[in-house]
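This report refers to the structure that appears directly beneath it.
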C-alpha cells in the first residue's frame with residue numbers, strides 16, 4: 001500500500017539552527033531590537049511570527065512580525081547556508097521510501113523562498129515531489145498564511161489523500177500536534193530540536209533514519 005510521507009525541514013532534514021540564528025540576529029540588529037535571552041529561548045521550528053511574539057511579548061505586533069520577516073529573509077536567502085549540514089542518512093531513507101513506491105513531500109513552517117533555495121542547494125527538489133510551506137499562498141486571499149495544522153489540511157485536500165494513508169515525520173510539538181489535529185499518524189526523530197516531552201506526543205519515536 002502506498003503511503004504519503006510529509007517531512008518537516010528544520011531539525012528533521014537538516015540542522016538549520018546556526019544559519020537561522022545568525023539571520024535572526026542580523027534582522028534584530030537591523031531593527032534595533034535587543035533580546036538578552038535570545039540564545040536561551042530561541043527555537044528553530046515555530047513560525048517566525050510565533051517566535052517573535054515569544055521573544056518580544058511586550059512589543060510584538062503583526063507589523064513588527066512582518067518587518068522581522070522581511071529582514072530575516074534578506075539575510076537568510078542570500079547567504080548560501082554555509083553552516084547548515086544535512087542530517088546523515090535522512091535523505092537516503094527518503095530515497096528508499098520513494099523507491100518502495102511511497103510518495104514523499106516536504107511540509108514546513110519555513111518560508112517558501114528559504115525552503116525552495118535550500119532544497120535546490122541540497123538537491124532535495126530532485127527527490128521530493130513537492131515542497132509545501134505555510135506562506136506559499138500568502139497572497140491568495142482565499143487561503144493566506146497557514147500554520148502547520150492548516151497546511152496539512154490543505155495538503156490532504158490538494159492530494160485527495162486520506163489521513164490514515166499519510167505519515168508526518170518531524171522533530172517538535174508543532175509537527176505532532178498538527179498531525180494529530182488532522183488525524184495523521186506521526187513519527188518523531190530524536191536528532192532534531194524537540195524535547196523528550198514533545199517527542200512523546202508522536203505516535204512513534206525513531207533514533208536513526210533507517211527506522212523511519
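Here, each number is a calculation from the coordinates, and none is a lab measurement. Only a predicted model underlies this, so the values are computations on that prediction, with no experimental measurement involved. In this analysis, Cβ positions are derived from the backbone assuming ideal geometry, glycine residues included, and neighbour counts consider all displayed protein chains.
Tabulated results
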{"item": "Gyration tensor verdict on segment 17-76 (Cα atoms; rounded if a/c is under 1.5, prolate if a/b is larger than b/c, oblate otherwise)", "result": "rounded"}
{"item": "Expected-Rg normalisation [2.2 N^0.38 Å, Cα atoms] applied to segment 134-212", "result": "1.16"}
{"item": "Fully extended contour minus Cα-Cα distance, from residue 74 to residue 129, at 0.36 nm per residue", "result": "17.1 nm"}
{"item": "Alpha-carbon centroids, segment 137-195 and segment 61-88: separation in whole Å", "result": "21 Å"}
{"item": "Relative contact order [Cα under 8 Å, 6+ residues apart], the chain, whole percent", "result": "25 percent"}
{"item": "Degrees, to the nearest 10: 90-99 long Cα axis against longest axis of the chain", "result": "40 degrees"}
{"item": "Neighbour-count order for 20, 4, fewest beta carbons within 10 angstrom listed first", "result": "4, 20"}
{"item": "Proxy reagent accessibility, fewest Cβ within 10 Å first, across 35, 166", "result": "35, 166"}
{"item": "Kirkwood hydrodynamic radius over Cα pairs of segment 32-190, then Stokes diffusion coefficient at 10 °C and 1.306 mPa s, in µm²/s", "result": "93 µm²/s"}
{"item": "Per-residue Cβ neighbour rank within 10 angstrom, fewest leading, 68, 13, 55", "result": "55, 68, 13"}
{"item": "Pairwise label distance in nanometres, residue 58 with residue 22, each label 7 Å out on the Cα-Cβ vector", "result": "3.2 nm"}
{"item": "Rough spin-label spacing in nm, given labels placed 7 Å along Cα→Cβ, for residue 66 and residue 120", "result": "2.6 nm"}
{"item": "Dimensions (Å) - segment 48-123, Cα atoms, principal axes, largest first", "result": "50, 24, 18"}
